[in-house]
Amino acid sequence: MIIVMYIRQTKTSSATSREAYFTFRLVASKRIDGKVSASGTPYTH
């Protein structure tokens, strides 16, 4: 199993002011036998 960590950038907008901004999350991509098992899930250790 290979686990790759990366930072995902997501564009978000405020519901009240409708101002757009970016949020960043650390996510893990797991590969087992060359297939993605759980891509984009927040990393928990």
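Below are the figures for this structure:
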| read-out | value |
| --- | --- |
| In nm, spacing of pseudo-spin labels at PHE24 and MET1 (7 Å Cα→C-beta vector) | 2.7 |
| Hull volume in cubic angstrom per residue (convex hull over the Cα atoms of region 2-42) | 63 |
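Any read-out appearing in this document is the output of simple, stated calculations on the displayed coordinates, not a laboratory observation. Treat the numbers as computed from the prediction; the structure is a model and nothing was measured. Methodologically, a virtual Cβ is constructed for each residue, glycine included, from the backbone with ideal geometry; neighbour enumeration extends over all protein chains shown.
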